[in-house]
1. Tell me the accessible surface of residue 50 in square angstrom (1.4 angstrom probe, heavy atoms of protein chains only), to the nearest ten.
2. How would 128, 140 rank on accessible area, largest to smallest, probe 1.4 Å?
3. Based on the Kirkwood radius over alpha-carbon pairs, what is the Stokes-Einstein translational diffusion coefficient of region 58-135 at 20 °C with 1.002 mPa s viscosity, in µm²/s?
4. Using label points projected 7 Å from each Cα along Cα→Cβ, tell me how many nm separate residue 57 and residue 181, to one decimal.
5. Based on the alpha carbon coordinates of region 95-157, what radius of gyration and maximum Cα-Cα distance (Dmax) apply, in Å?
6. With label points built 7 Å along Cα→Cβ from the Cα atoms of residue 118 and residue 95, find their separation and express it in nm.
Amino acid sequence: MLAGMTSEPEQQIGVGTPDAFQRLWTPHRMAYIQGENKPSGSEAGDGCPFCEIPSKSDEDGLVVARGEKVYAVLNLYPYNGGHLMVVPYRHVADYTDLDGPETAELADFTKRAMAALRAASGAHGFNIGMNQGASAGAGIAAHLHQHVVPRWGGDTNFMPVVGHTKVLPQLLGDTRSMLAAVWPARPLSA
């Protein structure tokens, strides 16, 4: 039995009345909800975090790998452990605005991300995609980024279903180090 719990659950009556539930607080999510780190405008100089990350060290920016046209970075507000994004260095909002070399390297880095996540964590599958525009759910619509979210058979549990909370088993810095160590050094064959 957990400390402070009785053998009989107590009914919660009103706000703040103790009950039999233990709380898992995730205050870091409030930063995302309130729009912390969101750009003030749509231009590169408007505080775009995807433009600022490349100037940081890999550890401080959570950068997993750097290419010539794109880089891979862990999502600061992940949907799942190992959730990363492939981001062009150039501040561009729409996929159709990428040039040929950017498109090719974005595709190659997506493949490398999948290989690294399989090697590091045995991912069974992936959700891969990008939200184009704020109305499509893009948190930062002004700078294109492709999500690579690892998935495992049976990885849903009660927390996201009833608690609207994701439990991540590892600190982001540790995840970054683990993925960087297994990131494929060369492009994967077509």
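The values are calculated or read from the model by the stated rules, or taken from the named source; none is laboratory data. Keep in mind it's a predicted model, so treat the numbers as computed, not measured. FYI the Cβ positions are ideal-geometry reconstructions off the backbone, even for glycines, and counts take in every protein chain you see. Ligands, DNA and RNA are stripped out before the accessible areas are found, and what is left, the full protein with its side chains, is counted by its heavy atoms. Shrake-Rupley method; radii C 1.70, N 1.55, O 1.52, S 1.80 Å.
1. Accessible surface of residue 50 is approximately 10 Å².
2. The ranking, largest first, comes out as 128, 140.
3. Estimated diffusion coefficient is 161 µm²/s.
4. Inter-label distance under the simple model: 1.8 nm.
5. 13.6, 41
6. Reported label-point gap for residue 118 and residue 95 is 2.2 nm.
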